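**Student:** Before I ask anything, let me first share the structure, which is written out below as structure tokens.
Every number in this text was worked out from the coordinates using simple rules, so none of it is lab data. This is a predicted model, so every value here is computed, not measured. Here Cβ is always computed from backbone atoms with ideal geometry, including for glycine, and neighbour counts include all displayed protein chains.
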Amino acid sequence: MASNSKITRDHDAIRSWAEARGGRPAHVADTGSRGDTGILRLEFPDAPGSKDAALEQLSWDEFFEKFDERRLALVYQEETAGGAKSNFNKLVSAETAAAEQSGSASRRGGARGKTAVKKAATKKKSAKRASGGAAAVKKSAVRKSAARPAKKAARKSSSSTARKTAGASRSTPKKKAARAAGRKSGARAGSAERPSVTKKSTRRR
């Protein structure tokens, strides 16, 4: 059954659909026994290539009497795929029509289910990618925060070492100058004491 087909057992709907297309009720001659109309059909005499000499016209009352007696249903289309008015129809048992209708509904439901599953899988993949990206960012942030104290400690130690070196380099000239000054003052003191000793020794003589 075509995807855009409809099913009905409503007399008014069937008659309106057929008459809107120039259709009329008919039966296939010589297909039934005495008192039986045989195979029912909807005839479209004005449609190209639809004339069938084996078809004989019936009244709508006769048609629907046998239609209900045989528990039939009409499968039909409103439009063709191109948008033109469609004459497609077939008479089937109501049980067959119900089975076809439920089958098409389950196929639509299955297709929808597959689509839903695909969408859910896509969302799951997107969520995994997002969580993976967030985890990577978090790890990077943890690494950076862990590296900061080490960097700060390294900077402090290098700055303190530089200060000590600078202090040592500054104190060394001062110490040298102090030592030189001490030596000079010692030399002066020694030279001042020597003449007094000489004078004393001269007087004794």
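**Student:** I want to check the label-to-label distance for residue 81 and residue 59. Put each point 7 Å from Cα in the C-beta direction and report it in nm to one decimal.
**Tutor:** So the two model labels end up 4.2 nm from each other.
**Student:** Under a point spin-label approximation (7 Å from Cα along Cα-to-Cβ), what is the residue 12-residue 124 distance to one decimal in nm?
**Tutor:** Here the modelled spin labels are 5.1 nm apart.
**Student:** Semi-axes, largest first, in whole Å: what does sqrt of 5 times each Cα gyration tensor eigenvalue give for region 1-93? It would help to have the intermediate numbers written out before the result.
**Tutor:** Numbers: eigenvalues 98, 49, 25 Å².
Calculated on Cα positions only, the semi-axes equal 22, 16, 11 Å.
**Student:** Report, largest value first, the span of the C-alpha coordinates of region 1-48 along each principal axis, in whole Å.
**Tutor:** Largest to smallest, the principal-axis extents are 37, 24, 22 Å.
**Student:** Report the net charge of residues surrounding residue 52, where surrounding means a beta-carbon distance below 9 angstrom and charges are Lys +1, Arg +1, Asp -1, Glu -1. The partial results should precede the final answer.
**Tutor:** Numbers: positive: 41, 51; negative: 43.
Here the charged neighbours net out to +1.
**Student:** Okay, next question. Going down the table (6/51; 6/119; 6/66; 90/118; 6/118), which pairs top 27 Å between alpha carbons?
**Tutor:** Numbers: 6/51 25 Å; 6/119 30 Å; 6/66 21 Å; 90/118 37 Å; 6/118 29 Å.
Beyond 27 Å between Cα atoms: 6/119; 90/118; 6/118.
**Student:** Also, I was wondering about something else. Could you calculate the contour length gain from residue 29 to residue 52, that is, 0.36 nm times the residue separation minus the distance between their Cα atoms, to one decimal place in nm?
**Tutor:** Length gained, residue 29 through residue 52: 7.2 nm.
**Student:** Grab the other residues whose beta carbon is less than 15 angstrom from that of residue 64, score K and R as +1, D and E as -1, and report the net. Kindly include the intermediate steps, with their values, before the conclusion.
**Tutor:** Details: positive: 9, 15, 24, 41, 66, 70, 71; negative: 10, 12, 19, 61, 62, 65, 68, 69.
My count for the surroundings of residue 64 gives -1.
**Student:** Quick check: the distance between the Cα centres of region 72-101 and region 1-49, to the nearest angstrom?
**Tutor:** After rounding, the separation between the Cα centres reads 11 Å.
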